[in-house]
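Below: one structure, written as structure tokens.
The values are calculated or read from the model by the stated rules, or taken from the named source; none is laboratory data. The structure presented is a predicted model; accordingly, all values stated were derived computationally and were not measured. Positions of Cβ are generated from backbone atoms using ideal geometry, with glycine treated the same way; all protein chains shown enter the neighbour counts. Accessible surface is based on the protein model in full, side chains and every heavy atom, while ligands, DNA and RNA are left aside. Shrake-Rupley method; radii C 1.70, N 1.55, O 1.52, S 1.80 Å.
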Amino acid sequence: MGNYRNFKLTTYFVAHAAARVTRDELEKQLAFLERHLRLDKVYLEPWRGELASHEQIEMCREVFHAHGIEVAGGLTTVIPTPEGDAPKARLFDTFCYNDPKMRAKLKEVSGFIGAHFDEFIIDDFFFTNCACPDCVKARDDFNRANGIADGSWQAYRLDLLRRVSVEDVIGPAKAANPNCRITIKYPNWAESYQETGYNPAEQRELFDMIYTGTETRDPVTTDQHLPRYLSYSLMTYFESMWPGHNGGGWFDTFDAHITEHYLEQAYLTAFSRPNELMLFCFQSLVDNMFTAALGFQLDKLDALLDHAGKPVGIACYLPDNCQGEDNVQDFLGMSGLPIVCTPYFPEDAEQLLLTRSAACDPDVVEKLDRYLRKGGRQAVVTTGFLEATMDRGVQRMTSVRLRGRSVSCDRYRVEDAGRQYISVYPRGVKPVELPVAEFRNNATWAVVKGSHGEESYGIWLRDDYCGSGLWTLAVPDAYPDFYAMPAEALSRIRQSVPVNGVWLEGPARVSLFVYDNDSFVVYPYVMEGVQREKVRLHVKGASALRVAGENRRLEPLYAEDGEAVFEVVAMPGKYVLYEIER
């Protein structure tokens, strides 16, 4: 594939540097990077609010080519307010697409980049948040013409960016160079795409490739809510959306205050089996301690991926332009459930997850009914999904009802999987606020319950429907509160929906990544309170496990009902791939 066996290593060179860097400076910067990384490709950007000259672009290209590095182009659709014009009502200098001067500049820049490159990528500022008077009028006119009475931006901006994609970017670039291939990179804030004009459902029909933002940064102090599992799950979403056309995963050095928080972006992106790992950006990697650490890990990740197949997991259905219980699937992923995502209803998946986002599909209840009627399936629905679909007929599959009540629990009742009346009663780390999922005794059965005083409340509830299991999960008000639930409760949930016969027994903040070739990765996050500890791996039909990259074979502690149980030590920040021997 390139300098690494399982992925190309790429970086992005921003326009401000392209416009000013000298040949000597660029050589010195490359010398630093080449001590630690083996770059295959660079995306060289002529425009990010200013346009680098033809001479500068060609000089940079010559230097990279001399080092054996492939060169493609880049474009970031930001623009300062034209001189003499009033400021726009916008964030981050994104374009106002109702400003003729701005749109003319975008056409000019797209043609310039198309003329210089046979391939370029659009950074994830290709959206609009402008609410200037011209944009407000255009929105209102569009909504009036299309019978939209709520004054929302969504439909208007989706239509606007579709037209801009064709008229201002693709058209001018391909007029300058018919062979030019254009990739659109989607940001990490997937639940907000439609509000600002990103529309993968339509844009994937327009562009040649897509690319995925996998930046998660520091999860506590930054202004975006980006759980780390997103670096993996969003990659699976876009690969499912357009198989073979997801160019890679793109992460950066910014707002990562702990080295492992930066590196975990690389780990989880790599676990998704990307074509490229994109390091944003070249300038931030120079003279940065993260660079050496990443270089060390890239060789280890490359060796790990020699043993990994295609990612598989509990299929989380996220239809186009959906929102609701934003990112809850990622917190479940960080609680040990192997989650993969798809924009298509996964009719053939053995395990299914429907969050409130899935309710944006008007036909989702009928699809769920058909899915369960096939028998032998396990479907997980969240309380948010039930709440959003109760008036659509989902009540025919479960007796669970939501009446708007909530309860705080820190004690739990966890029923043994094989013995219905044998339970353990662990305590959580702290009280967790949960919706009250009322259910009819002996119609629905609560396998995991939370207690408050003399009453208990369902957290993990099962209905049997047409030979399939329908599981309802009570989702805490604050999704990270899954981490406060005791290991016994989380393990019982995981046990109900094993993937390829594999499930993890242990606490939260340990992820399990499963592949279709009888291999899986265990990764405990570097987070406050996460310590080295023993976890147990339950594997159906296994005789032993082999540790990839080590000449080590693990024998099971015991086997029961065809399931082998292995005990391993999970070290925060250390990923291990296990291969199953049958």
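Numerical summary
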| read-out | value |
| --- | --- |
| Mean Cα-pair separation over length for the stretch 1-80, i.e. relative contact order, pairs under 8 Å, 6 or more apart, % | 36 |
| Sulfur and carbon atoms: percent of accessible area, the stretch 99-187 [1.4 Å] | 53 |
| Cα-based Rg of the stretch 153-226 normalised by 2.2 N^0.38 Å, two decimals | 1.28 |
| The chain: angle of helix 364-373 to the longest principal axis, Cα-based, in degrees nearest 10 | 50 |
| Two-site label geometry, Asp516 and Glu55: point separation in nm, points 7 Å out along Cα→Cβ | 5.4 |
| Portion, in percent, of the accessible area of the stretch 1-82 that falls on carbon or sulfur, probe 1.4 Å | 49 |
| Anisotropy class of the stretch 433-582 from Cα gyration tensor, a/c 1.5 cut | oblate |
| Scaled radius of gyration (Cα, divided by 2.2 N^0.38 Å) that the chain gives | 1.02 |
| Within the stretch 504-567, trypsin sites (Lys or Arg not before Pro) in DSSP loop having at most 14 other beta-carbon neighbours inside 10 Å | Arg532 |
| Charged-residue dipole, Cβ positions (Lys, Arg, Asp, Glu), the stretch 486-582 about Cα centre, Debye nearest 20 | 220 |
| Spatially proximal lysines relative to Lys101 (Cα-Cα < 19 Å; intrachain offsets below 8 disregarded) | Lys88, Lys137 |
| Filter on Lys41/Lys574; Lys8/Lys300; Lys41/Lys185 - keep pairs with C-alpha separation over 20 Å | Lys41/Lys574 |
| Local electrostatic count at Arg162 - Lys and Arg +1, Asp and Glu -1, tallied over other residues with Cβ under 10 Å | -2 |
| Computed Rg/Rh of the stretch 365-460, alpha carbon atoms with Kirkwood Rh | 0.99 |
| Candidate lysines - alpha carbon under 18 Å from Lys107, same-chain residues fewer than 8 apart omitted | Lys174 |
| Cα gyration tensor category, rounded, prolate or oblate, for the stretch 24-75 with a/c compared to 1.5 | prolate |
| Base-10 log of normalised Debye intensity for the stretch 110-177 (one unit scatterer per alpha-carbon) at q = 0.21 Å⁻¹ | -0.86 |
| Percent carbon-and-sulfur accessible area, the stretch 447-582, ignoring ligands, DNA and RNA, probe 1.4 Å | 44 |
| On Cα atoms only, tilt of 154-164 relative to the major axis of the chain in degrees | 40 |
| Reachable aspartates and glutamates from Lys310, criterion Cα separation under 17 angstrom, eight or more residues apart if same chain | Glu239, Glu276, Asp302, Asp348, Glu350, Asp516, Asp518, Glu579 |
| Between helix 100-116 and the chain: long-axis angle, C-alpha atoms, 0 to 90°, nearest 10 | 90 |
| Positive-end extreme of charge dipole, the chain - chosen from Ile422, Ile122, Phe282 (charges on Cβ) | Ile422 |
| Computed magnitude of the charge dipole of the stretch 193-319 (debye, nearest 20; Cβ of K, R +1, Cβ of D, E -1) | 340 |
| Solvent-accessible area per residue for the chain (1.4 angstrom probe, square angstrom) | 39 |
| Dipole in debye (nearest 20) - the chain, about Cα centre, beta carbon charges: Lys, Arg +1; Asp, Glu -1 | 980 |
| Cβ-defined net charge surrounding His36, 15 Å radius [Lys, Arg +1; Asp, Glu -1] | -1 |
| Within the chain, longest stretch clear of exposed GluC sites (Glu not before Pro) (DSSP loop, no more than 13 other Cβ within 10 Å) | 206-346 |
| The stretch 1-136 - percent relative contact order, Cα under 8 Å, separation 6 or more | 23 |
| Convex hull projection area averaged over all views, the stretch 265-370, Cα basis, nm² | 8.8 |
